[in-house]
Each structure stands twice: as C-alpha cells, then as structure tokens.
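Note sheet for the following structure.
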Amino acid sequence: MRLIAFAVAEADGDHADWLQTGVHDALVGPEGVPDVAAACGKLAKDQEEAVRRGAVEISKWTDGTRH
C-alpha cells in the first residue's frame with residue numbers, strides 16, 4: 001500500500017486516473033481488501049511526505065465505497 005501511495009503522489013493527472021481505477025477495482029470493490037482505510041490512516045503518518053500525500057488521496061477515493 002505504501003508503494004501505491006507513493007505512486008499516486010508522483011503521478012500526473014492521467015496516471016492518477018488509472019491508479020484510482022486500479023485501486024478501486026483491486027482494493028475497494030466487492031472482492032477487495034477491507035482495510036484500505038486503516039492502511040491509509042497509518043500511511044498518512046509516514047516519514048516520507050509523498051507517501052502521506054498519496055495516502056490522503058487514496059483515502060478520498062475510497063470514501064463512500066466501504067460496505
């Protein structure tokens with residue numbers, strides 16, 4: 001999850017859109033990992049600023065998709 005958060009922080013608009021789709025499909029969808037929000041919460045306190053930014057962005061993407 002840390003690597004994904006870093007990639008999100010460094011992505012341009014088009015790449016960020018693809019990453020958002022991938023995160024949603026792989027992690028948030030009906031067969032997804034239920035702890036995405038918890039992982040992002042931990043990563044929001046990471047030492048690396050880019051990882052913190054990415055974690056916050058992924059958290060925004062997953063809001064409202066929790067069952």
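Read-outs: derived from the displayed coordinates by stated rules, not from any lab. Computed from a predicted model, the values in this text were never measured in an experiment. Don't worry about glycine lacking a Cβ; one is built from the backbone with ideal geometry, like all the others, and counts go over all protein chains shown.
So how do 52-61, 11-20 stack up, highest first, on mean other-Cβ count within 10 Å? Could you put the intermediate results ahead of the total?
Numbers: 52-61: 19.8, 11-20: 12.4.
Packing proxy ranking, top to bottom: 52-61, 11-20.
Which length gain, in nm to one decimal place, applies between Ala11 and Ala44 when the Cα-Cα distance is subtracted from 0.36 nm times their residue separation? Provide the component values of the computation, followed by the final result.
Details: separation 33, 0.36 × 33 = 11.88 nm, distance 1.75 nm.
That works out to 10.1 nm of additional length.
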